[in-house]
Amino acid sequence: MNDVLLHQLALTLVPNIGPVQARTLVDHFGEPAAIFKAKKSTLELLEGIGEVRARSIKSFAGYKRAEEELNGELPASAGYPTDPTGCYAVVDSDSTTVDSGTTTPAGTSLVLLPK
């Protein structure tokens, strides 16, 4: 299994960590695995992370779910949107218009969020 992809997906499953915080963490640590290995005190010092999010990262126990998702083992009812209709989308591009005329910053990943 691809360790980098596993940790990228795991980061999206951490409670209280959204796309902005994930980008901050990856920019600082360079790769998702390093985020999970970092000390809580180091995480807390990052702008926009703080104690609550650092605790969420350090107590994260959803690797099995991330592995199941990577392996295609989760049922369609697992809670993730499978149809982009009625979702907000953040896409990886230089400047892409999505939903109601909003644009996304460059370098973001595709994420579907229910409205």
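None of the figures in this text is laboratory data; all of them are computed from the coordinates on show. Keep in mind it's a predicted model, so treat the numbers as computed, not measured. Positions of Cβ are backbone-derived with ideal geometry, glycine not excepted, and every protein chain shown enters the neighbour counts.
As a rough footprinting exposure proxy, the listed residues E69, E47 were ranked by other beta carbons within 10 Å of their own, and the order from fewest upward is E47, E69. In this label model, E51 and E31 are separated by 3.3 nm, measuring between points 7 Å along each Cα→Cβ vector. Taking the fewest neighbouring Cβ atoms within 10 Å as the starting point, the ordered list for S56, S41 is S41, S56.
Around E44, what is the net charge, scoring Lys/Arg as +1 and Asp/Glu as -1 over all other residues with Cβ under 11 Å from its Cβ?
Overall, the nearby charge balance is +3.
When L13, L6, L45 are arranged by Cβ crowding within 10 Å, least crowded first, meaning fewest neighbours, the order is L45, L13, L6.
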